[in-house]
Amino acid sequence: MTLTITADFAPAASGVPNAQPAPRLPLRAGVGLKPQHFGEILETAPDLGFFEIHAENYLVTGGPFHHYLGRIRERYPLSIHGVGLSIGADGPLDIAHLDRLTALLDRYEPQSFSEHLAWSTHGSAFFNDLLPLPYDQTTLNRVCDHIDQTQEHLQRRLLLENPATYVEFAASTFDEATFIREIIGRTGCGLLLDVNNAYVSGVNHQRDPYAYLTALPLDAVGEIHLAGFAEDCDAAGARLLIDTHGAPIAEAVWALYAFALGRLGPTPTLIERDNNLPPLAALIAEAHCADRWIEYARRNRAETPA
Amino acid sequence: MSDQPTFAAALLDPDAPCPAGLTAWNGSDPVRRFAVYRNNVVSSLIDALADTFPVVHELVGEAFFRVMAGVFVRQAPPQSVQLVHYGAGFPAFIEQFDPASSVPYLADVARLEFLRIRAFHAADADPVSPEQIAQALADPERLPALRVTCHPSLGVLDSRYAVASLWAAHQGVGDVAQVNPFLPESALIVRTGLEVHVVALPPGSDRLVTGFVDGLPLGEAAALALAAHPEFDLTIHLALLLRYGALSSFHLPTELSP
């Protein structure tokens with residue numbers, strides 16, 4: 001990897017433990033920014049650590065989205081979360097999309113940029129979903145190449161999100177945690193730990209989410225996501241959880257989150273809600289609940305220094 | 001072996017077999033699990049179309065809309081990761097979609113709604129200032145040579161149906177039952193500040209605006225409108241366009257004696 005390292009791009013692979021992008025999200029909870037809440041946020045200035053947007057919604061030229069985001073950005077830290085880069089795609093990355101992302105990042109100077117361990121495009125078609133990957137050597141090489149290319153293009157460190165999946169692949173030769181550890185070791189990217197995804201995939205593939213979480217490279221975590229899921233079942237009647245971002249965060253996910261913070265210490269945490277959008281107050285209440293866990297983790301850390 | 005081309009094709013084709021090489025911890029048939037992806041893809045894209053085309057959705061109802069949009073999604077998945085651009089081909093699809101033929105104005109309502117989304121996200125530009133207007137009017141002799149730039153959000157839809165009135169009736173403005181859908185209308189779609197306006201244009205305005213968009217000077221654009229509608233009154237039409245901030249610059253070519 002040949003890279004000019006700028007101030008906000010410090011890969012963990014450089015040997016500095018816990019190296020993080022220079023401007024960091026505050027160690028607090030934030031909320032996903034939705035156009036329905038623009039006006040209320042500006043009027044009431046809720047006490048939140050940050051907002052997060054989906055990059056693809058803000059690649060438009062002008063109009064109200066940029067008007068409101070600009071004003072909200074003046075008051076809050078920002079995380080930009082991509083859903084369309086298709087890092088796992090078997091074809092090349094879309095350079096025009098990387099250029100548009102660069103322009104967006106330059107414009108809003110977010111404290112964090114993240115994407116997914118998944119694919120969402122094939123050829124010119126965009127599927128608007130995060131599709132699963134076999135965990136084998138070919139995929140690993142391709143994903144690492146795409147992350148190297150992205151970090152180089154954007155001149156910043158990327159946080160990669162662990163996926164929620166519904167199938168596994170006969171071709172996989174790595175377990176998911178090992179696969180992610182390999183990627184992070186090779187590319188120096190960070191980890192966006194989606195605790196809901198860890199739980200959902202745990203149930204869907206009958207694996208212990210606590211063991212999974214412990215096996216991840218937790219020192220690379222730069223942000224946590226929390227969300228709600230829906231319930232279905234597979235052809236044998238086994239529980240199948242769907243990562244809908246359409247419900248309040250489940251108790252089991254809060255418990256796993258508390259465990260994660262016990263390992264990580266205070267970590268920026270996003271309340272993700274994209275469907276069945278409730279009033280802003282409901283999301284703020286969830287964010288403040290996460291803040292209490294973050295504060296507890298902070299106190300614990302202070303009392304029991306490593 | 002499940003490869004992405006096979007997986008991708010099976011997402012959009014409900015009759016395709018579940019891709020090979022997928023497994024489940026309990027050995028169950030992965031088809032139910034794969035169906036989650038199929039459903040996520042198709043229903044999230046139908047949702048995206050429902051967001052862009054709310055009046056079309058209202059006109060035909062949820063059940064009909066989802067079937068119609070589902071056929072479109074499988075035929076024409078998005079070609080861009082920016083979902084706000086998805087649906088440019090939906091009006092033409094509706095026009096050819098036989099089951100919708102009992103609502104003949106549906107495709108034009110869809111065209112109007114797509115122009116609204118385009119206007120919502122179009123580039124920002126200030127409308128012409130009162131000073132620029134006064135300056136242009138101060139020299140009536142040169143007015144015909146005036147070059148007019150339309151606001152980047154501007155769109156005009158010339159329809160055989162009362163599209164602007166139908167659309168307005170679905171915003172709670174006026175009574176749907178009172179709208180005769182078969183009266184031809186031209187609709188102006190333009191964003192003023194943060195708000196997109198849909199305005200029924202008096203006859204001839206569409207010609208005037210189309211002339212501006214094609215780069216014709218004011219005199220030639222007005223002549224086109226007048227030829228189509230003998231009662232065309234430029235003052236009224238310009239006032240309407242200025243009121244909605246539809247014009248973003250005036251420019252007189254540098255002095256050249258004719």
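Checking the stated criteria, B:Gly89 turns out to be out of contact with any Gly (no Cβ under 8 Å at 6 or more places or on another chain) and away from chain A (no Cβ under 11 Å). Exactly one residue among A:Asp208, A:Asp194 is within 14 Å of chain B (Cβ to nearest Cβ), of a type in the set (D, E, K, R) and closer than 23 Å to A:Ala297 by Cβ, and that residue is A:Asp208.
Residues in region A:42-53 include at least one that is modelled with pLDDT of 95 or more, touching a Phe, Trp or Tyr at 6+ places or on another chain (Cβ under 8 Å) and in a helix (DSSP H, G or I).
Sort through A:Asp145, A:Asp129, A:Asp94 and tell me the only one that's out of contact with any Gly (no Cβ under 7 Å at 6 or more places or on another chain) and surrounded by fewer than 17 Cβ atoms within 10 Å (Cβ to Cβ).
Details: A:Asp129 fails: surrounded by fewer than 17 Cβ atoms within 10 Å (Cβ to Cβ); A:Asp94 fails: surrounded by fewer than 17 Cβ atoms within 10 Å (Cβ to Cβ).
Selected residue: A:Asp145, the only one of A:Asp145, A:Asp129, A:Asp94 that is out of contact with any Gly (no Cβ under 7 Å at 6 or more places or on another chain) and surrounded by fewer than 17 Cβ atoms within 10 Å (Cβ to Cβ).
Which fully enclosed strands (runs of 3 or more DSSP E) of region A:217-287 have 2 or more residues being modelled with pLDDT of 95 or more and surrounded by fewer than 22 Cβ atoms within 10 Å (Cβ to Cβ)?
Details: elements: A:221-226, A:230-233, A:239-242, A:269-271.
Counting at least 2 such residues, we get A:230-233, A:239-242.
Put simply, of A:Ile72, A:Ile80 the only residue that is touching a residue at least 12 places away in the same chain (Cβ under 8 Å) and either assigned to a helix (DSSP H, G or I) or at the interface with chain B (Cβ under 9 Å from one of its Cβ atoms) (or both) is A:Ile72.
Among the residues of region B:9-17, none qualifies, meaning not one is within 9 Å of chain A (Cβ to nearest Cβ), open to solvent by 60 Å² or more (accessible area, probe 1.4 Å) and not aliphatic (A, V, I, L, M).
Comparison of B:Leu242, B:Leu166, B:Leu247 shows that the only residue that is open to solvent by 50 Å² or more (accessible area, probe 1.4 Å) and outside the structural domain of B:His57 (by TED's automatic domain parsing) is B:Leu242.
Restricting attention to region A:97-107, the residues that are out of contact with any Lys or Arg (no Cβ under 8 Å at 6 or more places or on another chain), in contact (Cβ under 8 Å) with a residue 24 or more places away in the chain and open to solvent by less than 70 Å² (accessible area, probe 1.4 Å) total 4.
The values are calculated or read from the model by the stated rules, or taken from the named source; none is laboratory data. All values derive from a computational prediction rather than experimental measurement. FYI the Cβ positions are ideal-geometry reconstructions off the backbone, even for glycines, and counts take in every protein chain you see. To get the accessible areas, we keep the full protein, side chains included, count just its heavy atoms, and leave off ligands, DNA and RNA. Shrake-Rupley method; radii C 1.70, N 1.55, O 1.52, S 1.80 Å.
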